[in-house]
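Visitor: Let me begin by handing over the structure; questions about it come next.
The values are calculated or read from the model by the stated rules, or taken from the named source; none is laboratory data. In this text, all values refer to a predicted model and were calculated from it rather than measured experimentally. Quick reminder, even Gly has a Cβ in these numbers, built from the backbone with ideal geometry, and neighbours come from all protein chains shown.
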Amino acid sequence: MDKETLKTHLQSTVRWLAILIIRKYQPGIIAVTGSAGKTSTKNALYTVLKDSRRVRATSANFNNALGVPLTILGDWKEIKGNFFWVKVILISVLRLIFPLPYPEVLVLEYGIDRPGDMKYLLDIAKPQIAVITAIGEIPVHVEFFSGPEALAREKSKLVESLPAGGFSVLNYDDEIVLGMGERTRSRAVTFGFKEGAEMRISNFEQRMEGLRPSGISFKLNYGGNCVPVRLDNCFGKVQASAAAAAACVGLLFGMNLVKIVGALGNYETPPGRGRILDGVKKTFIIDDSYNASPLSMSAALDTLHELKAKRKIAVLGDMLEIGEYTTEAHEHIGELVPKRADLLVTIGSRAKFIADSAIKKGMPKKNVRSFDTADEAKLPVQELLRQGDLVLVKASHSIGLEKIVEEIKTV
């Protein structure tokens, strides 16, 4: 049996096991989707709910046709070992035969790459609550769709699937997401920075301790109540949005806003998604290297702009899976760089469009360097650093910018 046939059989097996597990144990299901902020929101949801419910959340990047069933079947952290899938299947069968402990709530991340993906995941597990984070004008994975509108329609199938007694938690700041409220029978609850959001974020600040970025603070406003929030070691408005979305869900579970904010005090940024690290030569790194889309890249540059530092360096790599929008998206990012960074380092063939655009917008050519790979760039980036520098590192995952982070962070 070839590998592709084996994968097809395996995918079918875990799919049916997951469907049967859901039927037997009937957990509450919260599904999270979007083109940016999914993992941060999923982690914030887990942080808010875990002390009052038995909760399991998607691990790592288990958000696809294999990963979602795997989360349903058990608390697996990684796919590892020659007999991993045999173990998963045997334990799942035992769970179907015997009444074993199982979570009350599953927090599942639904990653959508191609047309039909959402239907496939919904056929396995239909949620009662759906959280839509952000889509943006040029969403990641758009290259596999006819355009951004088609990808948004695919993601909107999540809210369309909700029952009349369900809830859709929507980003009020994203027009495409907000419009999904018209495509669902469920009760829509909104979060965001703009006036009109039911869970509104205000007084947002990036906090500093001397020259070291230390976190963010903001207020959550809901139903006439206003509660201050402080999150350590994370940056950017996307983290505040994740907290606000989680707060909406906490309220749906009967928690009060003060208790929710208290739980959020234990929130930790996922690795590679805006976490601050100490760098060599007494520098600081915003490690946002795990993934990138035009929306999240723009937001990361805004964060770099808002933080204080002696010198700011943007280390940016290719944004993948955006198809015909590749040149336009990278050039737009390049236009943003000169007002947000003092130095620019790009990695990858597509990121060269960022470099060229930044130079056209007035960034001195001597302040821009381009490399083909992360391996080529990591030592030159380290040599570039000076005490007090703040370095943003961001690209799509397969560009491998975590290698640069490893090179320039302190041990």
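Visitor: Against the condition out of contact with any Gly (no Cβ under 7 Å at 6 or more places or on another chain), modelled with pLDDT under 95 and at positive phi, how does A60 come out, does it pass?
Guide: The answer is yes for A60.
Visitor: How many of the residues making up the range 83-116 are among the aromatic types (F, W, Y) and touching a residue at least 24 places away in the same chain (Cβ under 8 Å)?
Guide: Residues meeting the conditions: 3.
Visitor: Going residue by residue through the range 90-107, is there one that turns out to be modelled with pLDDT under 95 and touching a Pro at 6+ places or on another chain (Cβ under 8 Å)?
Guide: no
Visitor: Pick out, from the range 343-411, the helices (runs of 4 or more DSSP H) lying fully within it that include 3 or more residues that are without any contact (Cβ under 8 Å) to a residue 40 or more places away in the chain, surrounded by fewer than 19 Cβ atoms within 10 Å (Cβ to Cβ) and hydroxyl-bearing (S, T, Y).
Guide: Numbers: elements: 352-360, 374-384, 402-408.
Once the helices (runs of 4 or more DSSP H) in the range 343-411 are filtered for at least 3 residues that are without any contact (Cβ under 8 Å) to a residue 40 or more places away in the chain, surrounded by fewer than 19 Cβ atoms within 10 Å (Cβ to Cβ) and hydroxyl-bearing (S, T, Y), nothing remains.
Visitor: Let me ask something additional. For the range 26-38, does any single residue satisfy the condition of being part of a helix (DSSP H, G or I) and either of a type in the set (S, T, Y) or not assigned by TED's automatic domain parsing to the domain that holds T58 (or both)?
Guide: No, that holds for no residue.
Conditions (1) part of a helix (DSSP H, G or I); (2) within 22 Å of E149 (Cβ to Cβ); (3) touching a strand residue (DSSP E or B) at 6+ places or on another chain (Cβ under 6 Å); (4) not assigned by TED's automatic domain parsing to the domain that holds S241, marked per residue:
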| position | (1), (2), (3), (4) |
| --- | --- |
| T269 | no, no, yes, yes |
| K281 | yes, no, no, yes |
| L301 | yes, no, no, yes |
| A309 | no, no, yes, yes |
| V315 | no, no, yes, yes |
| T326 | yes, yes, no, yes |
| H330 | yes, yes, no, yes |
| G334 | yes, no, no, yes |
| V337 | yes, no, yes, yes |
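Visitor: Identify the residue in the range 13-51 that is basic (K, R) and under 19 Å from S92 (Cβ atoms) and, among all such residues, is surrounded by the fewest Cβ atoms within 10 Å (Cβ to Cβ).
Guide: That would be R23.
Visitor: In addition: Mind checking which strands (runs of 3 or more DSSP E) fall wholly inside the range 154-241 and carry at least 3 residues that are farther than 17 Å from A134 by Cβ?
Guide: Hits in the range 154-241: 199-209, 212-222, 225-232.
Visitor: Could you run through the range 12-26 and say how many residues are of a type in the set (S, T, N, Q) and without any contact (Cβ under 8 Å) to a residue 12 or more places away in the chain?
Guide: Taking the range 12-26 first, the residues of a type in the set (S, T, N, Q) are 12-13, 26.
So of that shortlist, the ones also without any contact (Cβ under 8 Å) to a residue 12 or more places away in the chain come out as 12, 26.
Count: 2.
Visitor: Picking from F204, F191, F145, which residue would you name as being touching a Pro at 6+ places or on another chain (Cβ under 8 Å), on the phi < 0 side of the Ramachandran plot and either among the aromatic types (F, W, Y) or not assigned by TED's automatic domain parsing to the domain that holds V238 (or both)?
Guide: F145
Visitor: Sticking with this one: In the range 1-56, what residues are basic (K, R) and modelled with pLDDT of 95 or more?
Guide: R15, R23, K24, K42, K50, R53, R54, R56 - these are the residues of the range 1-56 that are basic (K, R) and modelled with pLDDT of 95 or more.
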